[in-house]
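The values are calculated or read from the model by the stated rules, or taken from the named source; none is laboratory data. All values reported here derive from a predicted model rather than from experimental measurement. Please note: Cβ atoms are built from the backbone with ideal geometry, for glycine as well, and neighbour counts cover all protein chains shown.
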Amino acid sequence: MRRDNPAPHMSARPLLEIRGLHLDFGTPRGHVHALRNVSLDVPAGQVVGIVGESGSGKSTLAYTVMGLLSDNAEVTSGAILFEGRDLLSMPTSARQSLLGDRLSMIFQDPMTALNPVRTIESQMIDIQHHEQSGRSEKRARAIEMLHRVGIADPQSRIGAYPHHFSGGMRQRICIAMALLVKPALLIADEPTTALDATLEVQIIHLLKELQKEIGCSILFVSHHLGAVAELCDRVAVMYGGEVVEVGAVREIFHNPAHPYTRALLECDPGRIRQRTRTLPTIPGEVPSLLGNRKGCIFRARCSQAFDRCLHEDPVEYRIGLDQIARCHLLDEKRLVSA
Ligand code: SF4
């Protein structure tokens with residue numbers, strides 16, 4: 001069935017509503033349609049994961065919400081409503097004042113976020129510029145937050161520079177800085193990708209704990225399905241700049257409806273039960289996003305593709321209460337059972 005009405009339990013207005021977002025990058029070879037008709041909600045107090053292969057558009061989506069795109073990027077249509085206000089149409093000054101206050105971000109590489117020539121102390125005090133309190137109070141809050149994220153002896157280490165810390169510790173400091181401002185929405189772009197497996201588990205647990213404590217929402221971008229299953233309430237699956245499936249984590253992981261989601265789960269090393277020397281992959285390559293196209297974005301790699309997939313864009317079909325997927329097979333099934 002098509003997506004006509006919101007599911008009954010989804011009636012409260014989400015904190016973040018992305019509506020019909022299209023984004024292009026201008027390149028010497030033409031326009032790259034990096035995001036096509038993306039719609040996604042992040043409810044208040046929930047963690048929403050975005051998964052997909054490299055080049056699926058998940059980080060581009062995160063950067064678009066933050067307004068951190070390169071000059072050749074252009075949103076051609078759509079809206080990003082945050083607390084009911086469209087980020088894309090608000091004055092630059094109003095949008096900037098939301099950053100580091102209501103909206104905060106953790107990057108894949110902590111050195112991208114930290115200034116290498118300034119102490120952690122000065123950076124953690126600066127990030128609290130929206131607060132009215134004095135420097136000593138801000139310093140005390142920074143020390144408390146460093147303690148919360150597991151930095152030993154924060155009282156003396158707060159005066160150190162980023163290079164004095166290991167990669168895992170730097171990411172903890174970034175989390176501390178991002179959460180120090182008590183944002184309504186934290187955007188985490190592959191925050192554990194550069195870390196080893198043990199550190200990744202620690203960081204995921206830390207994020208989960210702090211999210212509950214602060215009550216913020218998180219938009220969590222990751223290619224690691226295990227991390228998403230551990231942390232998120234909902235998940236959106238992206239392919240070729242489109243959201244092809246979205247729903248509650250348990251539904252997507254146990255009852256995936258889109259052939260791409262199923263293929264992605266079959267390739268997850270965490271789900272492979274038999275010993276193997278070769279990890280499965282999805283045959284074929286991610287599609288070029290240059291120029292216009294017709295039909296399903298996944299058609300060239302889909303083992304179930306049929307004639308309709310070549311000529312017609314699939315619309316959103318609802319499965320159950322709030323799982324949605326874009327695949328003609330769902331319509332065909334409905335037609336057969338009608
Ligand atoms: Fe495969 Fe067609 Fe469904 Fe696309 S619409 S996922 S090509 S069956």
- Message: So, E251, is that one assigned to a helix (DSSP H, G or I), surrounded by 12 or more Cβ atoms within 10 Å (Cβ to Cβ) and more than 12 Å from the ligand (Cβ to nearest atom) or not?
- Response: yes
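Filter the stretch 325-336 for residues that are within 30 Å of D233 (Cβ to Cβ) and free of Cβ contacts under 8 Å to residues at least 60 places away in the same chain; which is farthest from the ligand (Cβ to nearest atom)? Break it down stepwise before answering.
To start, the set of residues in the stretch 325-336 that are within 30 Å of D233 (Cβ to Cβ) comprises 325-331, 333-334.
Add one more test, that the residue is free of Cβ contacts under 8 Å to residues at least 60 places away in the same chain, and what stays is 328, 331, 333.
Values: H328: 4, D331: 9, K333: 11 Å.
The selected residue is K333.
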- From D101, D86, D41, D71, which residue is among the acidic types (D, E) and under 30 Å from D268 (Cα atoms)? D41
- Task: Take the stretch 219-236 and flag every residue that is closer than 15 Å to S59 by Cβ and in a strand (DSSP E or B).
- Result: L219, F220, V221, A236
- Query: Based on what the data block shows, is A300 without any contact (Cβ under 8 Å) to a residue 24 or more places away in the chain, of a type in the set (A, V, I, L, M) and at negative phi?
  - Reply: yes
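Yes/no per residue for (1) within 27 Å of E17 (Cα to Cα); (2) at pLDDT below 85; (3) in contact with a strand residue (DSSP E or B) (Cβ under 8 Å, 6 or more places away or on another chain); (4) near the ligand (Cβ under 10 Å from one of its atoms):
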site: S222; (1), (2), (3), (4): yes, no, yes, no
site: V228; (1), (2), (3), (4): yes, no, yes, no
site: V243; (1), (2), (3), (4): yes, no, yes, no
site: G295; (1), (2), (3), (4): yes, no, no, yes
site: R299; (1), (2), (3), (4): no, no, no, yes
site: D307; (1), (2), (3), (4): no, no, no, yes
site: I319; (1), (2), (3), (4): yes, no, yes, no
site: Q323; (1), (2), (3), (4): yes, no, yes, no
site: A338; (1), (2), (3), (4): no, yes, no, no
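Output yes when any residue across the stretch 196-214 is within 28 Å of L87 (Cα to Cα), touching a residue at least 12 places away in the same chain (Cβ under 8 Å), part of a strand (DSSP E or B) and basic (K, R), and no when none is.
No - not one qualifying residue is present in the stretch 196-214.
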- Which ones in the stretch 24-62 are hydroxyl-bearing (S, T, Y) and under 15 Å from the mean Cα position of the chain (by Cα)? S39, S54, S56, S59, T60
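Does E242 fit the bill of being among the acidic types (D, E) and loosely packed, with under 15 Cβ neighbours inside 10 Å?
No; evaluated as a whole, the condition is false for this residue.
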- Can you name the condition, by its number, that E266 falls short on among (1) of a type outside the set (A, V, I, L, M); (2) near the ligand (Cβ under 9 Å from one of its atoms); (3) farther than 29 Å from L23 by Cα? (2)
- Query: Within the stretch 276-293, how many residues turn out to be surrounded by fewer than 15 Cβ atoms within 10 Å (Cβ to Cβ) and away from the ligand (no atom under 14 Å from the Cβ)?
  - Reply: 11
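Do the conditions hold for P314, that is, is it free of Cβ contacts under 8 Å to residues at least 24 places away in the same chain, away from the ligand (no atom under 16 Å from the Cβ) and not basic (K, R)?
The answer is no for P314.
Condition check: within 22 Å of P14 (Cα to Cα) and at pLDDT below 95. Does D101 satisfy that?
When the stated conditions are applied, D101 passes them.
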